[in-house]
1. So which residues in the stretch 89-105 are surrounded by fewer than 18 Cβ atoms within 10 Å (Cβ to Cβ) and without any contact (Cβ under 8 Å) to a residue 24 or more places away in the chain, if there are any at all?
2. Out of 50, 60, which single residue is within 30 Å of residue 102 (Cβ to Cβ), modelled with pLDDT of 95 or more and surrounded by 10 or more Cβ atoms within 10 Å (Cβ to Cβ)?
3. For the stretch 111-141, how many residues meet the condition of being farther than 20 Å from residue 97 by Cα and either in contact with a helix residue (DSSP H, G or I) (Cβ under 8 Å, 6 or more places away or on another chain) or of a type in the set (S, T, N, Q) (or both)?
4. Is it the case that residue 43 is part of a helix (DSSP H, G or I) and either touching a residue at least 40 places away in the same chain (Cβ under 8 Å) or touching a Leu at 6+ places or on another chain (Cβ under 6 Å) (or both)?
5. For the stretch 106-126, how many residues meet the condition of being surrounded by 16 or more Cβ atoms within 10 Å (Cβ to Cβ), without any contact (Cβ under 8 Å) to a residue 40 or more places away in the chain and in contact with an Asp or Glu (Cβ under 7 Å, 6 or more places away or on another chain)?
6. For residues in the stretch 127-155 being touching a residue at least 40 places away in the same chain (Cβ under 8 Å) and not acidic (Asp, Glu), which is nearest to residue 39 (Cα to Cα)?
7. Quick check on this structure: which one of 9, 22, 78 is of a type in the set (A, V, I, L, M, F, W, C), over 23 Å from residue 127 (Cα atoms) and loosely packed, with under 10 Cβ neighbours inside 10 Å?
8. Within the stretch 65-85, work out how many residues are touching a residue at least 24 places away in the same chain (Cβ under 8 Å) and either over 15 Å from residue 96 (Cβ atoms) or not β-branched (Val, Ile, Thr) (or both).
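The values are calculated or read from the model by the stated rules, or taken from the named source; none is laboratory data. Since this is a predicted model, take the numbers as computed values, not measurements. Because the Cβ atoms are built from the backbone with ideal geometry, glycine has one as well, and the counts that use them run over all protein chains shown.
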Amino acid sequence: MKRQKGFTLVEVVIVMAVIAILIAVIIPAFQGMQAEGNVTKAQAELETLKTAVISYRRHKGTYPDNIHARLTGTTPKLVQEILEDPFATDVSTTPDTYGYITGNDATFGDYFIIYSKGPDLVAATSWDSANDRCKITIATSSDDVAESNAPVVKE
């Protein structure tokens, strides 16, 4: 009898099962690395925005009411283009950008907070007037990223 060349059905099924198992292991690991990369990107961009907001105040005497329009629209431009938040904190803008809070505290004075809600997509950053600081509430979220002219704490 002549022997035919090729794979049996059992061999094909085994190879497909091995490939499926590999994919099931690799995809979650890749998604975790992607989230870490996005957090690092957000941290770097928030530091850039913080520097630009402080520079804006030095030149204009006040913090900008809208960091996206003011920092890219002032002459000279403090930020060349609107920075897109990988976690889409402020979806009222196009592209989705970082959150921005300004205010005046009786004790601290004028403050600003620029933040990203992080991978869990829940914003937990606020002003803590009792302690004159920017607070990220860990009970709600521990992955927010924030920059401020005040101390930033996670509780």
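1. 91, 92, 94, 95, 96, 104
2. On the way: 60 fails: modelled with pLDDT of 95 or more.
Being within 30 Å of residue 102 (Cβ to Cβ), modelled with pLDDT of 95 or more and surrounded by 10 or more Cβ atoms within 10 Å (Cβ to Cβ) holds for just one of 50, 60, which is 50.
3. The qualifying residues number 4.
4. Numbers: part of a helix (DSSP H, G or I): yes; either touching a residue at least 40 places away in the same chain (Cβ under 8 Å) or touching a Leu at 6+ places or on another chain (Cβ under 6 Å) (or both): yes.
Answer is yes for this residue.
5. 5
6. Our first condition is that a residue be touching a residue at least 40 places away in the same chain (Cβ under 8 Å); within the stretch 127-155, this holds for 143, 145-150.
Of the ones still in play, those that are also not acidic (Asp, Glu) are 145-146, 148-150.
Numbers: 145: 8, 146: 11, 148: 17, 149: 20, 150: 21 Å.
That would be 145.
7. 9
8. 7
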